[in-house]
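Bear in mind that the values in this text are calculations on the coordinates, not laboratory data. Small disclaimer: the values here were computed from a predicted structure and weren't measured. Glycine gets a Cβ as well: all are built from the backbone with ideal geometry, and neighbour counts include every protein chain shown.
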Amino acid sequence: MNISIIGSTGSIGTQTLQIVDENDDLSVVAMSCKSSLDVFTEQILKHRPALVSVGDEKTAEELKSRLLAESFDTDSIEIVYGMDGLIEVATCPEADIVVTAVVGMIGIRPTIAAIEAGKDIALANKETLVCAGHIIMPLAKKHGVKILPVDSEHSAIFQSLQGSAGSPVAKIILTCSGGPFRGKTYEELSDVTVEQALAHPNWSMGKKITIDSATMINKGLEVMEAHWLFDVPISRIQVTVHPQSVLHSAVEYEDGAVIGQMGTPDMRLPILYALYYPKRMPLSGERLDLFKIGHLDFMEPDMETFFGLQLAYDAMSAGGNMPTIYNAANERAVALFLDRKIPFLCIPEIISECMMEVDLMDSPSLEDILLTEQKTYDLIDRMEL
Ligand code: MN3
């Protein structure tokens with residue numbers, strides 16, 4: 001199987017390459033990164049893809065000279081850059097499946113291009129469905145391509161749907177660890193630092209998604225993602241705090257049966273399952289030891305303290321471009337928090353303000369979505385923070 005990876009140097013990208021290493025029938029034909037050339041150069045030397053893309057022209061030149069310095073035959077590789085480069089990687093003729101591991105709305109256009117080129121998608125870029133689910137899902141159906149979830153919860157739901165012969169779903173139980181600030185009051189969150197927010201108890205992930213876990217906005221994005229992937233109304237998607245991260249999510253059927261997927265927190269499993277679906281492959285690593293775990297806890301999320309999660313339900317109910325406003329505002333607010341320009345609690349405040357101020361549009365086109373993103377950024381730039 002030939003794989004193309006959009007965003008190979010991030011957390012999902014590097015773990016995808018680990019899986020490629022461990023399975024002889026997988027090879028990488030194309031991959032991209034924005035600017036992490038130390039890691040990217042090593043990945044190229046090891047995996048020898050025929051096509052690679054980076055953020056801009058200058059980075060492309062830098063990459064070429066680095067490869068030459070390693071006596072790499074640069075005639076054997078095509079180096080492209082920018083959005084056009086990402087789209088080339090996404091539509092690479094040799095690729096059977098595209099892993100969309102890039103973070104943020106930058107993933108939308110390459111994902112659409114990949115679907116139009118008939119590629120199956122191993123989807124790790126949740127923003128694509130959040131903002132453009134109404135475009136992506138019908139398009140995938142039209143082109144007969146599979147959208148295979150790589151997000152651990154959505155993979156768990158997908159796994160729990162197997163063997164049910166398409167029986168209707170009564171409820172989706174979407175679990176979350178609660179992040180590093182579970183149980184904290186609103187007042188206690190007023191002065192948390194970037195370092196505290198980056199210390200996730202169970203999962204090791206990229207910075208943006210780790211902050212999103214601390215605000216529970218990640219779960220809000222995942223509610224929307226689940227809605228599009230599994231065609232279940234958000235009123236039937238129940239977020240459940242589960243600090244041990246053992247039950248990765250579950251499905252309740254109309255007969256009351258609840259089928260879930262459990263395991264150790266290891267992102268390689270959802271990646272592996274997406275790549276080989278419907279086959280299960282061997283995977284090295286720790287096994288779940290129920291004796292050691294002893295008991296599992298479940299509780300209701302505190303949507304007042306973590307009101308970014310409530311805003312996700314509001315955004316989804318409003319529909320149209322509102323999820324894009326929610327997502328774009330969050331992307332910018334998280335960047336501001338990581339730059340230490342705003343306090344932690346300001347993240348949902350900014351989202352809420354953008355949701356009130358930016359014009360609402362019904363069934364936005366791709367252009368409308370990108371315009372909404374820009375309008376949201378412009379509004380935040382004008383805010384006095
Ligand atoms: Mn997740």
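Please give the FRET efficiency for Glu254 paired with Ser363, using the beta carbon to beta carbon distance and R0 = 22 Å, rounded to the nearest 0.05.
For Glu254 and Ser363, the calculated efficiency is 0.15.
Is segment 232-385 best put as rounded, prolate or oblate by its Cα gyration tensor, with a ≥ b ≥ c the root eigenvalues, rounded for a/c under 1.5, and otherwise prolate when a/b is larger than b/c, oblate when not?
Prolate is the answer for segment 232-385, as a/c is 1.5 or above and a/b outweighs b/c.
With runs of 4+ DSSP H residues as the only contributors, calculate the mean residue ellipticity of the chain at 222 nm using -39,500 (n - 2.57) per run, divided by the residue total and rounded to the nearest 500.
Details: 16 runs with 180 residues, N = 385.
Calculated at 222 nm, the ellipticity per residue is -14000 deg cm²/dmol.
A simple spin-label model places the labels of Gln374 and Lys46 3.9 nm from each other, with each point 7 Å out along Cα-to-Cβ. Among the GluC sites (Glu not before Pro) found in segment 41-93, those both in a DSSP coil and sparsely packed, with 13 or fewer other Cβ atoms within 10 Å of their Cβ, are Glu70. What do you get when you divide the Cα radius of gyration of the chain by 2.2 N^0.38 Å, with N the number of residues? In units of the 2.2 N^0.38 Å rule of thumb, it is 0.97.
Inter-part distance, segment 178-240 to segment 123-152, computed on C-alpha centroids, equals 21 Å. In the chain, Cα pairs under 8 Å separated by at least six residues give a relative contact order of 14 percent.
Each Cα pair under 8 Å and six or more residues apart adds its separation to the average, and for segment 14-57 the resulting relative contact order is 43 percent. Considering only Ala101, Ala156, Ala165, the mean-square fluctuation computed in a Gaussian network model of the chain, springs between alpha carbons under 10 angstrom, is largest for Ala165. Across the alpha-carbon set of segment 60-183, the Rg to Rh ratio works out to 1.08, Rh being the Kirkwood radius. Between the residues Pro282, Val251, Thr264, the greatest Cα displacement towards the positive end of the dipole of segment 235-286, with unit charges on the Cβ of Lys, Arg, Asp and Glu, is found for Pro282. The DSSP beta bridges internal to the chain are antiparallel in roughly 25% of cases.
Think of each Lys and Arg Cβ as +1 and each Asp and Glu Cβ as -1; about the Cα centre, that makes the dipole of the chain roughly 700 debye. Annotation note: trypsin sites (Lys or Arg not before Pro) in segment 108-148 located in DSSP loop regions with a Cβ neighbour count of at most 14 within 10 Å are Lys146. Counted by neighbouring Cβ atoms within 10 Å, the residues His242, His295, His143, His154 run from fewest to most as His295, His143, His242, His154.
For Val192, the residues whose amide H sits under 5 Å from its own are Phe344, ignoring neighbours fewer than 5 places away on the same chain, with H placed 1.01 Å from N. Only Cα pairs under 8 Å and 6+ residues apart enter the sum, and on that basis the relative contact order of segment 1-89 stands at 29 percent.
Connecting C-alpha atoms closer than 10 Å in a GNM of the chain, tell me which of Arg182, Arg340, Arg236 has the biggest fluctuation. Highest fluctuation of the listed residues: Arg340.
Could you tell me which of rounded, prolate or oblate describes segment 126-177, using a ≥ b ≥ c as the square roots of the eigenvalues of the alpha-carbon gyration tensor, with rounded for a/c under 1.5 and, failing that, prolate when a/b is larger than b/c and oblate otherwise?
Here segment 126-177 falls in the oblate category.
Put in line by how crowded their Cβ is, counting other Cβ atoms within 10 Å and starting with the fewest, Met267, Met281, Met137 read Met281, Met137, Met267.
Under the combined filter of DSSP loop state and at most 15 neighbouring Cβ atoms within 10 Å, segment 285-385 retains these chymotrypsin sites (Phe, Trp or Tyr not before Pro): Phe298. Cα-based radius of gyration for segment 147-242, normalised by 2.2 N^0.38 Å, reads 1.20. Remark: the Leu385-Gln162 segment gains 75.5 nm on full extension, using 0.36 nm per residue and subtracting the alpha carbon distance. Listed values for segment 231-236 are Karplus-derived 3J(HN,Hα) couplings in whole Hz (6.51 cos²θ - 1.76 cosθ + 1.60, θ = phi - 60°), namely 6, 10, x, 5, 5, 10, and x replaces Gly and Pro.
Among Met303, Met322, what is the fewest-to-most ranking by other Cβ atoms within 10 Å?
Ascending Cβ contact count within 10 Å gives the list Met303, Met322.
Let me make sure I get this right: for segment 87-147, a, b and c are the square roots of the gyration tensor eigenvalues over alpha carbons, sorted descending. Under 1.5 in a/c it's rounded, otherwise prolate if a/b > b/c, else oblate. Which is it? In terms of gyration-tensor shape, oblate.
Using a simple spin-label model with pseudo-atoms 7 Å out from Cα toward Cβ, Leu68 and Thr193 lie 4.5 nm apart.
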